[in-house]
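Engineer: Before we start, here is the structure in question, set down as C-alpha cells.
Just so it is clear, none of the values below were taken in a lab; they were calculated from the coordinates. Nothing here was measured: the structure is a model prediction, and the numbers come from that model. Positions of Cβ are generated from backbone atoms using ideal geometry, with glycine treated the same way; all protein chains shown enter the neighbour counts.
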Amino acid sequence: MRIPVDIAATGERAAAMLEALGAISQSSDNLTRFFLTPEHRRAADLVGDFMRAAGLDVSEDALGTVRGHWQPAGPDAPRLLIGSHIDTVANAGKYDGTMGVVVALLALEAVVKAGLKRPYGIDVLAFGDEEGTRFPTTLSTSAAAAGHFLPSWLGARDADGLSLDEAIRAYGKDPAAIPAAAYDPDKVIAYVEAHIEQGPVLEAEGEPLGIVSAIAGASRLSITVTGEAGHAGTVPMRMRRDAFAGAAEMALVAEKIARADRHGMVATVGRLHVEPGSVNVIPSRVVFTLDLRSGSDISRREALTEFEREAHRIADARGLGVVISAFHEVGTVPCYRDLQLRLRNAVADLGHRAPTLPSGAGHDGQAMSRLCPIGMLFVRCRGGISHNPAEYAAREDIGLAVAALVRFIERFELPQLTGSVQGAEQ
C-alpha cells in the first residue's frame with residue numbers, strides 16, 4: 001500500500017503544532033521548558049491531545065514520557081519505537097527535539113487513517129530529559145525506557161536544591177514505578193528518530209534530509225596550566241612562564257589534531273579561566289576545558305593520547321606545569337546499517353538524495369541503543385543554527401520528513417530486524 005501524503009499541507013500542520021508547543025515556556029521572553037516543570041506538564045498534555053487526535057492510545061510513565069500507541073496486532077506484539085524529546089535548553093528554538101515528536105505523530109496518523117495492517121505495533125515517544133538543563137541527569141527518560149535508569153540519579157539536585165526524586169513526586173509521579181517504564185527488549189524491534197541537523201551540512205549540499213551514520217562519542221577534559229605571575233612590563237619575554245600562552249598553544253594543538261582527523265572530529269575550548277586576571281600581570285594559572293567529539297572511538301582515543309603528549313611537551317618547553325583530567329566520557333553509537341539503508345530508500349522514493357553524516361550532538365538514541373538498534377533521519381535547518389531562537393526548519397522539509405517516515409513504515413516488515421536487537425554495530 002502506498003499511503004498518500006500531501007507534503008505542503010503536512011508541513012503546514014507540523015508548523016502549527018510546533019508553534020503551539022513553542023508557546024509553552026517558563027519565560028515570557030523566550031522558549032525555556034525544563035524537565036518536570038509545570039510547563040513540561042502543559043506540553044506533555046498537549047502532545048497527549050495530539051496523539052489522541054491521531055487515533056493513538058496514550059499513556060505516560062513515571063518520568064513523564066508520553067507514549068502514543070498504535071497496536072494493530074494487539075498489545076503483546078513487538079513494537080517499533082519512534083520519537084524525540086520535548087524539553088529545551090534555556091532561550092531555545094522551537095524545533096530541536098519537538099519537531100521529531102511532531103513528525104512521528106503525523107506519520108503515524110497517516111498510517112492509522114490509511115488502515116495499514118502490520119504484525120507489530122508502533123509507539124511514538126515524547127521524552128522529557130534529553131537536554132539535561134535542569135538536573136545533571138541527561139537522557140534519564142530514555143534511559144528508563146531502555147531499562148538503564150540509575151537509582152543514584154534520584155538524588156541529583158537542580159539549581160534550587162530540589163532533588164529529582166522530589167521533582168518526580170511534585171509532578172504527580174511515583175519514583176518507585178520507574179522500573180516499569182522499561183520496555184521488554186524481546187518485544188522491541190528498533191528506535192527511529194527524526195531531528196533537525198543542528199549543523200550546516202545539509203544546507204550546504206542543497207538536500208532537505210540526511211541519514212545519520214552514528215552519534216559521535218565525546219570526551220571532555222579539564223586542563224590546568226600553571227606558570228608564574230610577574231609584572232607585565234618588567235619580565236622579558238624569554239624569561240616568562242606565561243600560563244595563558246601555554247594554554248593557547250595547547251588549544252591550537254587540539255584544533256590541529258581535529259582538522260587532521262578523517263572521522264568528522266571536532267574540538268572545542270568552551271571555557272577558560274585566567275588567574276590572577278589583571279591587565280598588567282602575567283597569568284600564573286589557567287584552567288580550560290576541551291570538548292572532543294568524533295564518529296570513531298578509536299580516532300578519539302588516539303587524539304586524546306596525542307593531545308596529552310603535546311600538552312606536556314608544550315608545558316616542558318615553556319617551564320609550565322600541566323594537569324589533565326577527564327570529567328565526561330561517552331562512546332560513539334553507530335546507527336544500524338539496515339535502518340540507514342531503509343531510511344535512505346524512503347527518501348529516494350520522494351525524489352531526493354539523502355547524504356550520510358554523523359551527529360556531533362547527543363540524542364535519546366544514545367540511551368535507546370542499549371535496548372535496540374537505532375536509526376536517525378536529519379532535517380535541514382537554516383544556517384545550521386540550533387539551541388537558539390533563530391533555529392528554523394522549512395515547512396516543506398518537515399513535510400518531506402513525515403512522508404519519508406510514512407514510506408519507511410510502509411515497507412517495514414517484522415522479519416527484517418528480528419533477532420537483530422543486539423545487532424547494531426558497536
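Engineer: Can you pull out the residues in segment 132-144 that are in a loop (DSSP other than H, G, I, E, B) and under 30 Å from residue 112 (Cβ atoms)? Don't jump to the end; show me each part of the working.
Structural biologist: As a first pass, look at segment 132-144 and keep what is in a loop (DSSP other than H, G, I, E, B): 132-139.
The answer is 139, and nothing else.
Engineer: If you don't mind, there's one more thing I want to ask. Please go through segment 79-114 and give me each residue that is among the small types (Gly, Ala, Ser) and touching a Pro at 6+ places or on another chain (Cβ under 9 Å), ordered by number.
Structural biologist: Hits for segment 79-114 are 92, 93, 110, 114.
Engineer: Being more than 12 Å from residue 117 (Cα to Cα) and among the β-branched types (Val, Ile, Thr) is the filter; apply it to segment 397-414 and report the residue that is surrounded by the most Cβ atoms within 10 Å (Cβ to Cβ). Full working, then the answer.
Structural biologist: Pass one, segment 397-414, residues more than 12 Å from residue 117 (Cα to Cα): 397-408.
Subsequent filtering for residues that are among the β-branched types (Val, Ile, Thr) retains 398, 402, 406.
Numbers: 398: 29, 402: 26, 406: 26.
This residue is 398.
Engineer: Taking the residues in segment 239-284 that are of a type in the set (A, V, I, L, M, F, W, C), under 28 Å from the mean Cα position of the chain (by Cα) and assigned to a loop (DSSP other than H, G, I, E, B) as candidates, determine which candidate is farthest from residue 333 (Cα to Cα). Steps first, answer last, please.
Structural biologist: Restricting attention to segment 239-284, the residues satisfying the condition of being of a type in the set (A, V, I, L, M, F, W, C) are 239, 243-245, 247-248, 250-254, 257-258, 260, 265-267, 269, 272, 274, 279, 281-282.
If we keep only those that are under 28 Å from the mean Cα position of the chain (by Cα) as well, we get 251-254, 257-258, 260, 265-267, 269, 272.
Now drop any that are not assigned to a loop (DSSP other than H, G, I, E, B), which leaves 265, 269.
On the way: 265: 15, 269: 23 Å.
In this case the residue turns out to be 269.
Engineer: Next up: From the list 354, 348, 315, which one is closer than 30 Å to residue 5 by Cβ and more than 22 Å from the chain's Cα centre (by Cα)?
Structural biologist: Values: 354 fails: more than 22 Å from the chain's Cα centre (by Cα); 315 fails: closer than 30 Å to residue 5 by Cβ.
Of the residues listed, the single one that is closer than 30 Å to residue 5 by Cβ and more than 22 Å from the chain's Cα centre (by Cα) is 348.
Engineer: Same structure again: Go over the candidates 261, 242 one by one and state the one that is out of contact with any helix residue (DSSP H, G or I) (no Cβ under 7 Å at 6 or more places or on another chain), touching a residue at least 24 places away in the same chain (Cβ under 8 Å), of a type outside the set (Phe, Trp, Tyr) and at negative phi.
Structural biologist: Just one listed residue meets the conditions, 242.
Engineer: Another question, then. Across segment 106-131, what is the total count of residues that are within 22 Å of residue 46 (Cα to Cα) and either free of Cβ contacts under 8 Å to residues at least 40 places away in the same chain or buried (at least 20 other Cβ atoms within 10 Å of the Cβ) (or both)?
Structural biologist: 16
Engineer: Going by the conditions given, is residue 306 within 11 Å of residue 253 (Cα to Cα) and either part of a helix (DSSP H, G or I) or under 26 Å from the mean Cα position of the chain (by Cα) (or both)?
Structural biologist: yes
Engineer: Something else about it: Would you mind finding the one in 354, 315 that is over 23 Å from residue 272 (Cα atoms) and not in a strand (DSSP E or B)?
Structural biologist: Criteria check complete, one pass: 354.
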